[in-house]
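The values are calculated or read from the model by the stated rules, or taken from the named source; none is laboratory data. On a predicted model such as this, the values are computed, not experimentally measured, just so you know. We place every Cβ from the backbone using ideal geometry, glycine too, and count neighbours over all the protein chains shown. In case anyone asks, the SASA skips ligands and DNA or RNA and just uses the protein heavy atoms, side chains included. Shrake-Rupley method; radii C 1.70, N 1.55, O 1.52, S 1.80 Å.
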Amino acid sequence: MVLSKTASESDVSVHSTFASRYVRTSLPRFKMAENSIPKEAAYQIINDELMLDGNPRLNLASFVTTWMEPECDKLMMASINKNYVDMDEYPVTTELQNRCVNIIAHLFNAPLEESESAVGVGTVGSSEAIMLAGLAFKRKWQNKRRAEGKPIDNPNIVTGANVQVCWEKFARYFEVELKEVKLREGYYVMDPEKAVEMVDENTICVAAILGSTLNGEFEDVKRLNDLLVEKNKETGWDTPIHVDAASGGFIAPFLYPELEWDFRLPLVKSINVSGHKYGLVYAGIGWVIWRNKEDLPEELIFHINYLGADQPTFTLNFSKGSSQVIAQYYQLIRLGFEGYRNVMENCRENMIVLKEGLEKTKRFNIVSKDEGVPLVAFSLRDNHRHDEFEISDLLRRFGWIVPAYTMPPDAQHVTVLRVVIREDFSRTLAERLVNDIQKVLHELDTLPSKLSSNVKAADGEDGRPAETRALESKKSDLEKTREITTIWRKFVTARKQKMNVVC
């Protein structure tokens with residue numbers, strides 16, 4: 001949720017040219033109007049403002065799905081008024097959620113018997129999924145420490161400094177120390193060796209990322225697991241692993257099936273994945289899957305009956321729409337393994353087209369890896385005259401939204417641009433983007449650098465220091481004042497003399 005603020009203090013009313021035929025007076029912007037307005041007017045007012053939003057298809061900053069098939073859109077609209085939490089009233093929707101949980105659990109190689117149901121839940125996204133997984137780790141750690149008669153007041157999680165902000169939120173909201181492994185230039189993910197060194201008896205889990213937000217790279221979960229197994233043997237601890245597969249969970253099984261990152265590794269106890277990223281569903285759906293029932297403490301599950309039958313629930317939210325759950329099930333049965341693999345392979349191929357196009361300019365260093373989330377993260381080879389932020393700003397003139405950002409500590413001196421390749425980003429768009437980037441580079445080459453512009457603004461076009469010009473300006477103003485005073489005195493003296501003569 002974004003904290004709200006007023007956009008303008010002076011313009012406190014909402015206006016609409018077309019709506020004026022229905023509404024003769026402006027509507028208050030931040031207070032409820034006294035009277036109703038026609039539905040056509042309400043629609044037009046809102047539609048007019050929304051035209052100023054960016055084009056979601058050209059928002060290359062986002063991992064979130066921006067296109068689905070019309071048939072799925074129809075299913076979502078048909079179920080938009082169903083409350084997901086009301087399981088007794090909407091048992092089929094509940095069944096579809098359970099099917100999704102089991103399909104994803106098998107995709108992640110959960111150790112399930114033939115008739116055994118998977119343990120997991122749908123969420124509004126990976127942020128909620130991570131909160132739930134973190135709470136499960138914290139409660140299990142607390143229960144174990146209490147049984148051993150040890151203090152429970154200082155839990156921690158070990159992560160890389162490249163984690164998404166939701167991990168920082170979990171740590172702050174639920175009073176868990178976040179111990180971050182610092183990055184370094186050329187290595188922008190968590191180092192497994194350093195991570196395991198930071199583990200202590202208060203570590204509730206180590207969080208590994210399958211698809212870093214910064215450069216799409218997969219962290220080495222297998223190496224982390226092997227090192228942690230050894231440390232647990234030496235210390236007697238049983239520190240587990242959580243895999244944040246928000247971006248990579250729907251990529252690795254289809255593009256890199258031999259890669260061991262999931263429940264095939266014994267210490268991986270839970271995995272979250274975003275259905276609204278490469279699960280190919282519109283924003284608002286995530287999943288968290290546990291290895292088995294023992295990894296989700298029973299005391300965290302609530303049972304309610306005021307909506308009908310007894311209903312177990314383990315979520316941070318309560319009421320929410322069913323549309324995204326139904327859309328996820330549609331994608332899973334519509335595409336199947338073959339369809340998801342085709343989509344992911346196409347994304348990877350378009351990523352390579354964009355990467356090779358950028359390399360041909362000989363102006364960029366590619367920071368992302370070929371194996372990982374299909375995205376291209378790149379930085380200027382020479383950013384002394386112009387930087388990545390200027391490229392990002394100028395690309396908006398062509399409609400592209402390409403983010404520029406600095407890396408986390410200890411690589412904060414590195415600035416990168418990032419283009420996320422989604423299902424609806426075609427090869428044609430990739431080629432067009434490269435052309436537009438070349439146009440931006442050409443334009444920047446003809447402009448003075450920001451540094452020289454700032455110096456000129458401070459020192460003047462003639463290159464003289466600002467302090468000198470200020471002193472000269474002061475001196476000039478003083479001289480003008482003296483000249484005016486002298487002339488005025490002469491005028492007054494002459495007037496006096498004239499008056500004396502007359503007298």
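Odds and ends about this structure:
- Qualifying residues in region 48-106 (those that are in a loop (DSSP other than H, G, I, E, B) and among the hydroxyl-bearing types (Ser, Thr, Tyr)) - the one most open to solvent (accessible area, probe 1.4 Å): 90
- Failed item, numbered, when residue 281 is tested on (1) buried (at least 23 other Cβ atoms within 10 Å of the Cβ); (2) in contact with an Asp or Glu (Cβ under 8 Å, 6 or more places away or on another chain): (2)
- Only a single item in (1) open to solvent by 20 Å² or more (accessible area, probe 1.4 Å); (2) in contact with a strand residue (DSSP E or B) (Cβ under 7 Å, 6 or more places away or on another chain); (3) touching a residue at least 40 places away in the same chain (Cβ under 8 Å) is not met by residue 426, and it is number (2).
- Inter-residue pairs, beta-carbon under 6 Å, first of a type in the set (S, T, N, Q) and in region 29-58, second assigned to a helix (DSSP H, G or I) and surrounded by 12 or more Cβ atoms within 10 Å (Cβ to Cβ), 6+ apart: 44/18; 44/19
- Test result for residue 273, within 21 Å of residue 124 (Cα to Cα), open to solvent by less than 30 Å² (accessible area, probe 1.4 Å) and touching a Leu at 6+ places or on another chain (Cβ under 8 Å): no
- Of the residues 395, 417, the single one that is touching a residue at least 24 places away in the same chain (Cβ under 8 Å) and either among the β-branched types (Val, Ile, Thr) or outside any strand (DSSP E or B) (or both) is 395.
- Pairs are defined by a Cβ separation below 8 Å, a sequence spacing of at least 6 or placement on different chains, a first member in region 217-241 that is modelled with pLDDT under 95, and a second member that is among the acidic types (Asp, Glu) and surrounded by 15 or more Cβ atoms within 10 Å (Cβ to Cβ); no pair meets this definition.
This table checks each residue for (1) assigned to a loop (DSSP other than H, G, I, E, B); (2) in contact with a Ser or Thr (Cβ under 7 Å, 6 or more places away or on another chain); (3) open to solvent by less than 20 Å² (accessible area, probe 1.4 Å).
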| position | (1), (2), (3) |
| --- | --- |
| 145 | no, no, yes |
| 153 | yes, no, no |
| 179 | no, no, no |
| 196 | no, no, yes |
| 200 | yes, no, no |
| 204 | no, no, yes |
| 224 | no, no, yes |
| 238 | yes, no, no |
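- Test: residue in region 354-369 that is open to solvent by 20 Å² or more (accessible area, probe 1.4 Å), modelled with pLDDT under 95 and under 21 Å from residue 161 (Cβ atoms): yes
- Filter result (aliphatic (A, V, I, L, M) and at pLDDT 90 or above) within region 43-70: 46, 50, 51, 52, 58, 60, 61, 64, 68
- Residue-level check: of (1) on the phi > 0 side of the Ramachandran plot; (2) in contact (Cβ under 8 Å) with a residue 12 or more places away in the chain; (3) more than 22 Å from the chain's Cα centre (by Cα), residue 336 misses just (2).
- Meets criteria (open to solvent by 10 Å² or more (accessible area, probe 1.4 Å), touching a residue at least 12 places away in the same chain (Cβ under 8 Å) and assigned to a loop (DSSP other than H, G, I, E, B)) for residue 264: yes
- Subset of region 370-392 [under 19 Å from the mean Cα position of the chain (by Cα) and part of a loop (DSSP other than H, G, I, E, B)]: 373, 374
- Checking each residue of region 313-320 against the condition of being open to solvent by 60 Å² or more (accessible area, probe 1.4 Å), closer than 29 Å to residue 82 by Cα, in a helix (DSSP H, G or I) and of a type outside the set (Val, Ile, Thr) gives no match.
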